Amino acid sequence: MLLHQAIKARHTARHRTRIIATIRYGGHDRSGQVINLSASGLAIQLDRPLFASAGSRIRVTCDALGMLEGSVTWSEGVRIGVQFDRSSNAWAKVASYFRFYHTPARPKR
């Protein structure tokens, strides 16, 4: 199954970003960069693969957003998709990031 077929329809707009972050999963930390962000989740590119299956619980920490918790929705190599917990204040943290910090990221050439 192709990755794009496995991803459910998004209900919120995605925005490209370049936010340095750390993911904590299973007692281990991985460094990475949030490459896109929405009110409901994010995609992160890690420095090395993280073998987390869909549904795995993870924590994302970065200066711009603070700590966010969620579940892995997809994983492909060093990239992982995360859906934020609905009961968290993630939407407020994301809104604050876009209001005060975000500048549009352009693709690397």
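So, of the residues in the range 84-101 that are free of Cβ contacts under 8 Å to residues at least 40 places away in the same chain and hydrophobic (A, V, I, L, M, F, W, C), which turns out to be farthest from I19 (Cα to Cα)?
Looking at the filtered set, the residue picked out is A92.
I need every pair where a residue in the range 64-83 that is farther than 11 Å from S53 by Cβ and among the hydrophobic types (A, V, I, L, M, F, W, C) has its Cβ under 6 Å from the Cβ of a residue that is part of a loop (DSSP other than H, G, I, E, B) and modelled with pLDDT under 95, sequence separation at least 6 or different chains.
A64/Y101; V78/P49
Consider the range 51-64. How many of its residues are under 14 Å from T17 (Cα atoms) and surrounded by 11 or more Cβ atoms within 10 Å (Cβ to Cβ)?
Matching residues across the range 51-64 total 2.
Within the range 56-109, can you find the residues that are of a type in the set (A, V, I, L, M, F, W, C), more than 16 Å from S40 (Cβ to Cβ) and assigned to a strand (DSSP E or B)?
Passing the criteria: C62, M67.
Within the range 65-72, does at least one residue satisfy the condition of being more than 19 Å from T17 (Cα to Cα), surrounded by 12 or more Cβ atoms within 10 Å (Cβ to Cβ) and among the acidic types (D, E)?
Looking through the range 65-72, none of the residues is more than 19 Å from T17 (Cα to Cα), surrounded by 12 or more Cβ atoms within 10 Å (Cβ to Cβ) and among the acidic types (D, E).
If you take the residues of the range 19-47 that are in contact with a Ser or Thr (Cβ under 9 Å, 6 or more places away or on another chain) and assigned to a loop (DSSP other than H, G, I, E, B), which of them is farthest from A95 (Cα to Cα)?
Going through the qualifying residues, I end up with G26.
Give S53, S96 a once-over and let me know the one that is within 18 Å of A13 (Cα to Cα) and small (G, A, S).
Exactly one of S53, S96 is within 18 Å of A13 (Cα to Cα) and small (G, A, S), namely S96.
State all residues of the range 17-43 that are free of Cβ contacts under 8 Å to residues at least 60 places away in the same chain, of a type in the set (S, T, Y) and surrounded by 17 or more Cβ atoms within 10 Å (Cβ to Cβ); if no residue qualifies, say none.
Hits for the range 17-43 are Y25, S38, S40.
State whether one or more residues within the range 83-100 are surrounded by 11 or more Cβ atoms within 10 Å (Cβ to Cβ) and modelled with pLDDT of 90 or more.
yes
The values are calculated or read from the model by the stated rules, or taken from the named source; none is laboratory data. If you're wondering where the values come from, they're calculated on a predicted model, not measured in any experiment. Counting neighbours? That spans all protein chains shown, and the Cβs are built from the backbone with ideal geometry, glycine included.
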